[in-house]
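What follows draws every value from the coordinates through simple rules; no lab data is involved. For clarity, every value in this text was computed on a predicted model and none was experimentally measured. Using ideal geometry, Cβ is built from the backbone for each residue, glycine included, and neighbour counts are taken over all protein chains shown.
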Amino acid sequence: MEAHSLSTPLLTLPMEVLVYLPPCYDQMPQRSYPVLYLLHGQNYTEKQWVRLGVPAVADALMGRKEVPPYIIVMPHDRLWEDPPETNFDEAFLDVLIPWVEDTYRTLPGREYRAVGGLSRGGAWAIHFGFANWEMFGVVGGHSAPVFWSDTPYLEDWIEAIPRDSLPRLYLDIGDKDYLRDSNDWLEGLLVKHNIPHEWHLYGGYHEEAYWQAHVEEYLRWYGRGWTSP
């Protein structure tokens with residue numbers, strides 16, 4: 001794990017970032033890797049995914065070669081606003097991603113770039129995955145709503161993606177989650193437009209115990225289909 005702080009005029013305070021490097025990263029300097037950007041929930045920080053067990057689970061899965069090795073980037077979103085009212089999206093796309101790709105050995109191409117998140121972080125993942133589809137080939141939303149400001153545009157974004165460029169999609173939510181209506185609306189939209197996706201309704205609430213119980217499943221899914229030269 002590495003910790004960084006990125007300063008940009010787009011944000012009042014620096015963006016704090018945690019980067020997980022797979023166990024073989026230093027031992028194989030000729031190798032490049034896919035990248036998963038994981039976003040946390042509202043009122044939390046970039047450390048939420050660490051607390052839920054992501055580094056330990058990734059170490060175990062990659063160490064046993066059950067998933068291909070990949071880099072995991074966990075940035076801190078300090079704000080609560082929807083996309084039109086915050087510069088976080090610009091900082092994420094124009095500052096964070098170029099910095100990651102300049103600093104670490106990453107594989108080029110959207111097929112090797114994933115974005116996922118839980119709760120508000122999942123709303124960001126949905127936003128980036130559809131509004132900026134040319135950037136991401138893999139999108140995951142865990143107990144994720146859709147931003148209110150995105151709802152008027154989401155159907156147009158979906159229709160604008162070429163069929164041969166649709167991202168690999170994963171959605172899951174607990175059956176007692178208070179955000180389920182928004183999640184169900186999105187899933188219905190995907191069905192309406194015949195967008196392939198994986199969707200799971202599990203038992204559970206909108207809480208860390210739910211996400212922690214599914215961390216291994218998430219990391220397996222993100223790594224599915226990836227290979228590193």
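Can you give the Rg to Rh ratio for region 163-220, taking only C-alpha atoms and Rh from Kirkwood? Kindly include the intermediate steps, with their values, before the conclusion.
Numbers: Rg = 12.5 Å, Rh = 12.4 Å.
Expressed as Rg/Rh, it is 1.01.
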The lysines whose Cα lies under 28 Å from the Cα of LYS65, excluding any fewer than 8 residues away in the same chain, are LYS47
Beyond 22 Å, the calculated P(r) of region 1-78 holds a percent of Cα-Cα pairs equal to 28 percent
Here the net charge surrounding LEU201, from other residues whose Cβ is less than 10 Å away from its Cβ (Lys, Arg +1; Asp, Glu -1), is -4
On each of the three principal axes the extent of the alpha-carbon atoms of region 43-142, given in whole Å and largest first, is 43, 30, 23
One checks the Cα atoms of region 122-227 and finds Rg and Dmax, in Å, of 13.3, 37
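With the alpha-carbon atoms as the only input, what is the per residue convex hull volume for region 2-223 in Å³? List each step's numbers first, then the result.
Details: hull volume 25.9 nm³, N = 222.
Spelled out: Cα convex hull of region 2-223, divided by residues, is 117 Å³.
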Net charge (Lys, Arg +1; Asp, Glu -1) of residues whose beta-carbon lies under 10 Å from that of ALA60, ALA60 excluded, is -2
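Could I get the Rg over Rh figure for region 87-182? Both from C-alpha atoms, Rh via Kirkwood, rounded to two places.
Numbers: Rg = 13.7 Å, Rh = 14.0 Å.
In region 87-182, Rg relative to Rh is 0.98.
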For the pair GLU159 and LEU79, the simple spin-label estimate (label points 7 Å beyond Cα toward Cβ) gives in nm 2.9 nm
Whole-Å distance linking the alpha carbon centroid of region 167-229 with that of region 1-70 is 20 Å
Quick note on TRP221, TRP49, TRP157, ordering by fewest other C-beta atoms within 10 Å, gives TRP157, TRP221, TRP49
